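A.B. asks: Sharing a structure with you now.
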Amino acid sequence: MADTQSSFARSDAYLSALIREVRSVPTASATVTMGRRTFFKLAGAGAAGLVLGFHLGGAAFAADGANVDTVDSKDQAMNAFIRIAPDNTITIYSKCPEIGQGIKTSFGVIIADELDADWNHVVMEQADINPKVYGSQGAGGSTSIPHAWDQLRQAGAGAKVMLIAAAAGQWAVDSSQITARDSILTHAASGRSATYGSLAAAAAKMPVPDPRDLKLKTRTEYRLIGKRYRGVDDPKVVSGQQLFGIDVQLPGMVYATYTKCPAAGGKVKSFNVDEIKAQRGVLDAFAVDGTGMMVEVMPGVAIIARDTWSAFQAKNKLQVDWDLSKASTDSTSQFSVQASKLATSFPQKADDKVGDVDKSFANAAKTVEAYYEYPFAAHVPLEPMNTTAYWHDGVMEMWVPTQQPDRGLPLIGKVAGIAPEKVVMHQTRVGGGFGRRLVNDYACEAAAIAQKVNAPVKLQWTREDDFAHDFYRPAGYHQFKGAIDKNGRLDAWREHFITFTADGKKEASGANLTDNLRYSIKAPNLRRAKTMLPLRIPTGAWRAPGDNAQVFAAQSFMHELSLASGRDHVEFLIDAVNRDVPELAPKDKSVNFSPKRATDVIRMCAEKAGWGKTLPKRSGLGLAWCYSHAGHVAQAIELSVDTNKQIKIGRIVVVLDVGPIIDMAGSEAQAQGASTDALSTAMGLKINIENGRIQEQNYNAYPILRMPFAPMTIDAYFIQSDNPPTGMGEPAFPALAPALGNSIFAATGERVRRLPLRDLGYALAV
Amino acid sequence: MTMKKAIGIVVAAIAVVALGFSGCLFLGRDPMSFAGGSTVALAAYQGVDITGVPAQLASADLVKRGEYLTHAADCQACHTAPGGAPFAGGFAFNMPFGTIYSTNITPDKQTGIGNYTDAQFLAAVHKGIRADGEKLYPAMPYSSYTYMTDADALAIKAYLFTLAPVHAPARQDQLSWPFSQRSLLAIWNVVFNPDERFRPNTGQSPQWNRGAYLAEAMGHCGECHTPRNLAYAPDNHGKFAGAPTAGWRAYNITGDKDSGIGNWSDQDLFSYLSTGHANGHGGAAGPMGEAADDSLSYLVPDDTHALVAYLRSIPSHASDLPRTVKTAAPASYKEGVAAESNSRGEKIFAGACASCHDWTGVSPVTDYATLTGVRAVNDPSATNVAQTVINGVNRKTVEGTIFMPAFGEGYSDDDIAAVANYVTARFGAKGANLTGKDVADLRKQAAQQSKETPNG
Amino acid sequence: MLTLTINGLSHDVDVPEDMPLLWVLRDHLNLVGTKYGCGIAQCGVCTVHVGGKPVRSCQLTIGDVGTRAVVTIEGIGSTPNGAKVQQAWMEAAVPQCGYCQAGQIMSATALLDSNPQPDDSDIDAAMAGNICRCGTYIRIRRAIKNAAAKSA
């Protein structure tokens, strides 16, 4: 194994790059990238009718398609978007993982709308993994929709053009006179009509249109986009059918656990191998060296058993002698102490600099200083990490519940010592992502184990494994100083961010101040600098990375500034958002912050929440906003706080501008779910680390919000526009915590500067 | 009357009172005097051997016998820190006047007892005197172990010397003055350590005498179950009537029908002692769970029966506990005692507890999780309920792992108080009135310093 | 060899008596709708009905099932309330990631079985043991009320 210290850093660098890549939202219009794309028709689709796919890289698509098909012959249509059967059933393949964000439904709606398909006869299937055919197949950063928006619409529109061409030929009419609706083509003048299914075989022989020539619908022409949908998998979900990664069962399958050092970076010296092998149901046990990369395979002990329970029981008996010489000794209690000591020593070197903050402070009508902090957090989606792997015929065939299947292929290839093309990955539904499954470590482990097992093997992490070996949301500490000028306007913003580094040079993954905040918090005089504490525990992307906690600090402090200004908070925010100040350079291409869209969501949120109304004693209405993952969002909470610090949530309002809404029911669900998740996290979630070991081992120590304490309603409103649609998975998270803190201040005069709130004695009332 | 004379009278009066008081304390010293009758020196006792190992092990080698006796004396529970190496010490005793730590009794020559001679070992066990001549704090139960025979103590030593030496220096005690002065223990020892070996009672059966030896000289039950006097020594006026210990309550194990074990059948007692659980009475947790798992469960049935016989002879002593409620609570959360009284506790119970404990208190999953009839649940102080909620249960028994999650990290003091109050009200005889502050105090009393996570 | 009655069918299983019902269902009977989430009865995703009551199958050993009939998410649709709840779940588009929903549906059905018209407090009491990491509680509550409103 390579030197552990540099492995930590390399692993972290991989993850940082991945997060950046995942989060980048395409800014330019679709036509810029379209030249590189070509449609293709899939040979070998047999009698299934028209099959359309995409190809992103030249003329080799046919060979690629054939190659993949021979590897996995069970699914002839794995690299296509649309299949139309003679009975007019339309099968649409969703290329990206369904992790709860509703993408499998939304992707279908987007394609079906351009195709003018009858939604009642659309069947959604999960595409298998083939980035050469599908392009990006990840789900993260709320980018699935913005990345695929043009591609999917072109798939639908292209197929429709070919169907129309087939009909025009058969009916000998001009294609422009043919209209499409609900999977039926009609020629009004002659009264002729035909189903897509009846035309599919002929359509498949039509020339493939150039995507650049396709005329896509305008927003007013949508028939399906924007309506309310049921989840396409819901019938299977509610009846318990095999769907998730953990549900995979194969003939002759065996079951594995994998145990790594509780302090990240520890290596196996030895373990009680004879005792473990003698345990009931155990088939084998062996140490795995791993690659030393957190994002791949760290050293550990694999136990193979005839069922999961036997593997877990044996794991309980496992005694590993760990080499801790290179292992983490991180301590969160020490980090807090260190950070608070460092906070007031503002570094010489600034990362962001506009104007002159010191001059502003000297001339200010008022200055405000505050220190904010928030803890590490774990993702812990309800489906514990798992992967089923089958090493056969030189191929690593895998079933992986992951957010980044395509990016897993090269890593798994590396671990298994095979070309990435020899990795065949089947997508499963994913029992929660939240950013955890951007990393394919568990899939890599399964591959390493499968090569030593002569059978399909399902690697199943315990919940305790999942808590102990996450890529955590890093803690953060912010020392702010702001100035208000004599007109009550924000004049200066100084921020010292104490964060973490894995390599000693740059922030650890997920630990950088987000560009969303860098560009949406504006001040005529601005100075930001950071101090980095060394960290060995791996960090990563956690729902709305960076924003999920940094917005709490920034927008809580913004409220403190507005109070100092003596102005209304909403007016203060809108004034600040619209300040014409020198732009920071270089401007990140993926940031499309719009002061107008921000203004509109803040105003609407205030209006819907009844801003300015008189409230009873110990009640308060607070508001915060953010720009996150290309969404402009404002959230308001009305609540009361009793003298025992019990918070009764009255109402939560969330207003979003994410462009046009694809699935209104799904988008509301995301707005409510992200708000609930944010409330849960702000109230109670915290990971403690001592001596490199995660202290929380299961949900008993990590109180995810439960039904009796959850809000009864969350009112979501959307400002729809012609802007390209952007994702809904994350934007409704970040502004909730500061809205909560601001409303608690409004109710009590007490400022929340530290999360979680339970550490400050707050609790949600029943 | 001169001032001098007056002072003299006052001093004399104080002396008389003090003497009387310490005499009273002294009279509470003997744990077996309740049985009356006459005792004889062990060597003079006619009958079966009531010390040492049971007949099954009579021909076993010294180490094997020592192992049995080490279990019977339950050395391990106190000499092992949570997650630490067995017998390597570091377990914290939190007392009103500070914290002391158990020491390393593995045969490590530097930090353990590897250099102890037999005489030094016996001095430690019988008199509370370390090899260097310093006095041990009576957290080491030498005033109980003093009844142990030399042969049994040395068998234990022989066993301990077969353990792998662990290098584990003693942790620094944190005691306030004057408790930090070990020399003052000389006075305590004169008053409270009889420094005599076990004397069989000729008026009692051999089984009773065996039980007495196991309970007093080995298992030192009274160290937890007998209330302590002002000098922190067991006061046998209320022998086995229950007492607070390390933030938990050791319950009344006298024959009182309401507050004690008078309503337990012999089989219930046998089951509880041998497995740490008796159907209808619940399971042991906390320190008693450790006693069951590290000690009592290792006893052969005859020895356990002897313990039961001995316990049955203890004079009944009513304490402040109500009779346990044996009937299950209603199936609906809306019905029953706690229906309206405490909604926060109810909601927390609903989320974290009802899955296993049910709204009735009778678990649909396992008898181990049934709350109905459990002493702790019927203790209106809710001390042990709160401690169990905070610390959970994680007992490895021959019948498998007995597990309840620990909620101390994820739940606030207020929440734990609310759920403990709810549980005692709904399933017990009388609801508790714990506050968040009470729970914070309970946490401190039972706190152990080091925490290690297991594999994974 | 133990015999279990699951969803009305009799199954013989050759597993140790201390194996939790969860793993017998999943690994030995291929009934994978019942999920593993925490293994300590804190998340509720493994909820099944045993003898008509909601039980965490990760805690109930197969030896303790006895003769009680087991109903899982795969079979709950055959019961009147189970069918209503499943229908209400789809109509309200409750699931996000969907992983917890089998357990939620089992708890909700048990609630309706014992209380046909539950109010918010009843729903809290019955559903508090089921965590939803995605935060679908608002829709779960709505779906239960809708299911209760459906005629049997």
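A.B. asks: What does the charge count near residue A:363 come to, summing +1 for each Lys or Arg and -1 for each Asp or Glu among other residues with Cβ under 13 Å from its Cβ?
C.D. replies: Every neighbour counted, the sum reads 0.
A.B. asks: In region A:516-654, how many lysine pairs have Cα atoms under 28 Å apart, counting only pairs 8 or more places apart or on different chains?
C.D. replies: Within region A:516-654, the lysine pair count is 17.
A.B. asks: Same structure, new question: Sort out for me the Cα centre separation of region A:193-222 from region A:694-766, rounded to whole Å.
C.D. replies: Each part reduced to its Cα centre gives a spacing of 45 Å.
A.B. asks: Trypsin sites (Lys or Arg not before Pro) within region A:510-615: which are DSSP loop residues with at most 10 other Cβ atoms inside 10 Å?
C.D. replies: Sites meeting the loop and neighbour criteria: A:613.
A.B. asks: I would also like to ask the following. Any idea what diffusion coefficient chain B gets from Stokes-Einstein, in µm²/s, Kirkwood Rh on alpha carbon pairs, 20 °C, 1.002 mPa s?
C.D. replies: 92 µm²/s
A.B. asks: Just report the Cα centroid separation between region C:9-65 and region A:257-304, whole Å.
C.D. replies: 27 Å
A.B. asks: Could you compute Rg(Cα) / (2.2 N^0.38 Å) for the protein assembly as shown, with N its residue count?
C.D. replies: Ratio of Rg to 2.2 N^0.38 Å for the protein assembly as shown: 1.02.
A.B. asks: Can you pull the one-decimal nm distance between simple spin-label points at residue A:182 and residue C:18, each 7 Å off the Cα toward Cβ?
C.D. replies: Between residue A:182 and residue C:18, the simple spin-label model gives 6.3 nm.
A.B. asks: Summing +1 for each Lys or Arg and -1 for each Asp or Glu, what net charge is found among the other residues whose Cβ lies under 9 Å from the Cβ of residue B:380?
C.D. replies: Net of charged neighbours comes to -1.
A.B. asks: Sticking with this structure for a sec: In debye to the nearest 20, how big a dipole does the protein assembly as shown give about its Cα centre with +1 on each Lys and Arg Cβ and -1 on each Asp and Glu Cβ?
C.D. replies: It works out to roughly 2820 debye.
A.B. asks: Could you work out how far helix B:150-160 tilts from the main Cα principal axis of chain B, as a 0 to 90 degree angle to the nearest 10?
C.D. replies: 60 degrees
A.B. asks: List the extent of the Cα atoms of region C:68-137 along each of their three principal axes, largest first, rounded to whole Å.
C.D. replies: 32, 26, 25
A.B. asks: Sticking with this structure for a sec: Based on alpha-carbon atoms only, what is the radius of gyration of region A:258-414 relative to the globular estimate 2.2 N^0.38 Å?
C.D. replies: It is 1.60.
A.B. asks: Within chain A, which is the longest segment that contains none of the GluC sites (Glu not before Pro) sitting in a DSSP loop with at most 16 other Cβ atoms within 10 Å?
C.D. replies: A:1-582
A.B. asks: Restricting to DSSP loop positions (anything but H, G, I, E, B) with no more than 13 other Cβ atoms inside 10 Å of their own Cβ, which GluC sites (Glu not before Pro) remain in region B:335-399? Mind showing how you got there, number by number?
C.D. replies: Working: sites: B:335, B:340, B:346, B:399; in loops: B:335, B:340, B:399.
Listed in order of number, the matching sites are B:335, B:340, B:399.
A.B. asks: Report the Stokes-Einstein translational diffusion coefficient (µm² s⁻¹, integer) for region B:31-87, Rh taken as the Kirkwood radius over Cα pairs, at 20 °C with viscosity 1.002 mPa s.
C.D. replies: D = 150 µm²/s.
A.B. asks: Work out which chymotrypsin sites (Phe, Trp or Tyr not before Pro) in chain B are exposed loop sites (DSSP not H, G, I, E or B, at most 16 other Cβ within 10 Å) and give the longest gap free of them.
C.D. replies: Between exposed loop sites, the widest span is B:233-456.
A.B. asks: Evaluate 2.2 N^0.38 Å with N set to the residue count of chain A, then give the Cα radius of gyration divided by it. Walk me through the numbers on the way to the answer.
C.D. replies: Details: Rg = 27.1 Å, N = 766, 2.2 N^0.38 = 27.4 Å.
Here the answer is 0.99, to two decimals.
A.B. asks: For a test of the definition: using alpha carbon positions, the gyration tensor, and the 1.5 limit on a/c, classify region A:377-514 as rounded, prolate or oblate.
C.D. replies: Cα axes put region A:377-514 in the prolate bin.
A.B. asks: Here's a follow-up. Which three semi-axes in whole Å describe the equivalent ellipsoid of region C:1-124, each the square root of 5 times a Cα gyration tensor eigenvalue, listed largest first?
C.D. replies: 25, 15, 13
A.B. asks: Listing B:235, B:49 from the residue with the fewest other Cβ atoms within 10 Å to the one with the most, what is the order? Present the calculation step by step, with values, prior to reporting the outcome.
C.D. replies: Values: B:235 22, B:49 13.
So the residues, fewest neighbours to most, are B:49, B:235.
A.B. asks: Quick one: check the C-alpha center-to-center distance for region A:357-423 versus region A:87-149, whole angstrom.
C.D. replies: With region A:357-423 and region A:87-149 each reduced to a Cα centre, they are spaced 23 Å.
A.B. asks: Relative to the longest principal axis of chain B, what angle (0 to 90°, nearest 10) does the C-alpha long axis of helix B:413-427 take?
C.D. replies: Rounded to the nearest ten degrees, it is 80.
A.B. asks: Count of lysine pairs in region A:176-289 with Cα atoms under 20 Å apart, counting only pairs 8 or more residues apart in sequence or on different chains?
C.D. replies: The number of close lysine pairs in region A:176-289 is 4.
A.B. asks: Quick check on region A:270-335: what does the Kirkwood estimate of hydrodynamic radius come out to from the alpha carbon pairs, in Å?
C.D. replies: This gives a value of 13.4 Å.
A.B. asks: Just the number: Rg to Rh for region B:343-446, Cα atoms, Kirkwood Rh, two decimals.
C.D. replies: Computed over Cα atoms, the ratio is 0.94.
A.B. asks: Rg and Dmax in Å for region B:360-419, alpha carbons only: what are they?
C.D. replies: 12.2, 36
A.B. asks: So, counting K/R as plus one and D/E as minus one, what does the shell of residues with Cβ under 14 Å around residue A:269 add up to?
C.D. replies: Details: positive: A:260, A:267, A:326; negative: A:289, A:321, A:323.
Once all neighbours under 14 Å are counted, the net charge is 0.
A.B. asks: Okay, next question. Which aspartates and glutamates, if any, have their Cα less than 14 Å from the Cα of residue A:326, not counting same-chain residues under 8 positions apart?
C.D. replies: Filter leaves A:3.
A.B. asks: Give the value in nm², to one decimal: projected area of the alpha carbon convex hull of region B:207-313, averaged over all directions. Before the final figure, lay out each step's value.
C.D. replies: Details: hull surface 25.7 nm².
Convex hull of Cα atoms, orientation-averaged projection: 6.4 nm².
Taken together, the values in this text are just the output of simple stated rules run on the coordinates, not laboratory data. Every value quoted in this text rests on a predicted model; they were computed, and no experiment measured them. As a convention, Cβ positions derive from the backbone with ideal geometry for all residues, glycine included, and neighbour counts pool all protein chains shown.
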